[in-house]
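Here the structure is laid out as structure tokens; the discussion comes afterwards.
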Amino acid sequence: MIKKLLFDRHHFACRGDVWIADGEYEIRTSEIEKIGPVFVADKPWERCHLNWLTVTEDNGKFRMWYEAFSNPADDFGCRLCYAESDDLLRWEKPNLGICEFEGSKENNIVIDNSLTHGMGFHGHSIYIDPNSPPYARYRCVFLGALLRPEDMSKQGLVSFAYSPDGIHWTHGAPEIPTDYNHMPVTAFGSDTQSCVRWDTEKRKYIGYFRNLERNGCRSIARGESSDGVHWSEPVTVLRPDMYDNLNADYYNSAATKVTDGGDTAHYIFYSFFNHSTEILDIRLATSRDGINFDRYSRVPFVPNGENCDRGAMYAAAGIHNLPDGRQCIIYSASNHRHCDPADPNEKSGCYMLAAFERDRLQGLYVKKHFEFTVNGYVDPSCPEVTVNADIRGKICGGLIDDNGDFVPGFSPDDCIPLKGNSTEHVMKWKGTAAQESKTWLKLYIDDADIWSVTVNGDR
């Protein structure tokens with residue numbers, strides 16, 4: 001069985017540019033429900049605000065690494081802290097006894113300025129590296145800074161750390177010398193959260209970084225590495241364009257790759273910064289290859305609210321499963337606008353969840369009749385088709401041969417119409433088997449939202 005994710009136009013063909021001329025369907029993101037705050041700033045080392053975070057599921061437990069500020073004046077003065085959860089809803093901040101804060105090691109800080117040899121710490125990304133030895137199973141990429149001797153200004157650059165357990169970290173990488181002023185790090189400053197992972201299909205490390213365009217606007221760039229240390233020059237993959245206002249910037253990427261039922265999707269949950277209002281919301285861009293991204297909707301995927309996220313929001317990479325069967329992304333939220341000075345005496349910011357129905361992040365929304373052929377074969381000897389859809393009207397299907405004719409017993413009139421809401425509608429026909437060597441599925445949709453089609457063909 002091969003799943004066809006319908007978050008874009010890749011898996012279906014239709015006659016003419018119906019999405020432009022007739023407007024019979026639109027591709028848009030699903031409704032989300034905000035949950036939280038699920039995590040708040042309640043420690044002295046978090047007294048300024050919370051910022052970027054990484055969340056991963058490891059051995060049945062959710063692990064979070066997050067950045068906390070106690071001094072609002074220094075971007076490089078944040079501390080990396082650690083927390084754990086069984087359900088994403090309740091988090092524990094363990095006392096780890098690693099880093100000292102105001103004379104005590106009774107805290108959950110795992111990296112601070114002393115562990116990075118004075119380079120500071122900002123905009124991290126943590127991933128589990130399957131190619132590393134056990135003592136470097138966890139890798140961290142972050143933004144540090146070196147002082148320019150001529151004027152003592154700070155030069156931002158990407159640096160590294162490694163750990164056997166995600167708790168005890170060593171600055172640098174096992175592959176490079178510990179000369180922290182000259183080690184071959186990536187000499188560019190990605191001054192929001194970088195997002196790095198190992199890609200099993202490409203057999204490379206893929207990184208998404210913040211870039212600056214020639215006109216000064218912030219954008220998202222992509223680089224590759226064969227060893228995780230030496231990187232290609234990042235190339236812009238997502239930038240403000242003519243459909244955005246002139247005061248727009250794209251902040252962090254939260255780049256996420258999902259492989260589902262044999263199909264692959266790349267999502268970027270980018271923060272859209274409007275300089276006119278000085279607030280940031282979260283929007284969605286999608287791609288098949290992680291390089292060429294589409295923005296089918298220009299409205300916020302996670303809009304600003306009134307409770308605790310009316311100022312700034314930054315998503316973390318990853319889509320996670322909730323106990324109630326839904327999925328979510330996790331994001332940092334604050335009532336402070338980007339230009340507002342942080343108050344060191346006010347614990348600002350929290351982490352929240354944006355929840356949506358499982359496997360229903362972005363799909364086709366059909367208001368009236370729309371028909372298309374699914375790209376991919378259906379096994380005609382025993383055709384199996386399942387559809388993930390919320391159907392207010394009906395969906396029917398037919399199998400067509402190489403000539404475009406319906407296979408006897410498998411026309412739309414032979415199909416039992418699908419109705420209702422299910423992630424696994426099973427399509428059935430009056431026919432039992434077809435003699436053709438291969439067939440294609442043609443769908444007829446009336447008033448339905450559809451997210452994926454799964455067929456038992458060979459591609």
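Structure above, values below:
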quantity: Only one of K442, K394 that is among the charged types (D, E, K, R), buried (at least 21 other Cβ atoms within 10 Å of the Cβ), assigned to a strand (DSSP E or B) and at negative phi; calculated: K442
quantity: Number of the exception - E102 against (1) in contact with a His (Cβ under 7 Å, 6 or more places away or on another chain); (2) over 23 Å from P174 (Cα atoms); (3) modelled with pLDDT under 95; calculated: (1)
quantity: Single residue of the range 369-388 satisfying the filter (among the hydrophobic types (A, V, I, L, M, F, W, C) and out of contact with any Leu (no Cβ under 7 Å at 6 or more places or on another chain)) that is surrounded by the fewest Cβ atoms within 10 Å (Cβ to Cβ); calculated: C382
quantity: Unique residue being on the phi < 0 side of the Ramachandran plot and in contact with a Pro (Cβ under 9 Å, 6 or more places away or on another chain) when the list is P149, P164, P94; calculated: P164
quantity: Qualifying residue in the range 196-219 (condition: at pLDDT below 90, open to solvent by 40 Å² or more (accessible area, probe 1.4 Å) and aliphatic (A, V, I, L, M)); calculated: yes
quantity: Residue among G305, G325 that is assigned to a loop (DSSP other than H, G, I, E, B), out of contact with any Phe, Trp or Tyr (no Cβ under 6 Å at 6 or more places or on another chain), of a type outside the set (D, E, K, R) and under 19 Å from P37 (Cα atoms); calculated: G305
quantity: Condition broken by G420, with the remaining ones in (1) of a type in the set (G, A, S); (2) farther than 24 Å from R360 by Cα; (3) surrounded by fewer than 18 Cβ atoms within 10 Å (Cβ to Cβ) satisfied; calculated: (2)
quantity: Qualifying residues in the range 321-342 (those that are polar (S, T, N, Q) and out of contact with any Cys (no Cβ under 7 Å at 6 or more places or on another chain)) - the one surrounded by the fewest Cβ atoms within 10 Å (Cβ to Cβ); calculated: N321
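Residue-by-condition table, conditions (1) without any contact (Cβ under 8 Å) to a residue 12 or more places away in the chain; (2) open to solvent by 20 Å² or more (accessible area, probe 1.4 Å):
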| site | (1), (2) |
| --- | --- |
| D241 | yes, yes |
| S253 | no, no |
| L280 | no, no |
| R283 | no, yes |
| D289 | no, yes |
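The values are calculated or read from the model by the stated rules, or taken from the named source; none is laboratory data. None of these values were measured; they are calculated from a predicted model. Don't worry about glycine lacking a Cβ; one is built from the backbone with ideal geometry, like all the others, and counts go over all protein chains shown. Ligands, DNA and RNA are stripped out before the accessible areas are found, and what is left, the full protein with its side chains, is counted by its heavy atoms. Shrake-Rupley method; radii C 1.70, N 1.55, O 1.52, S 1.80 Å.
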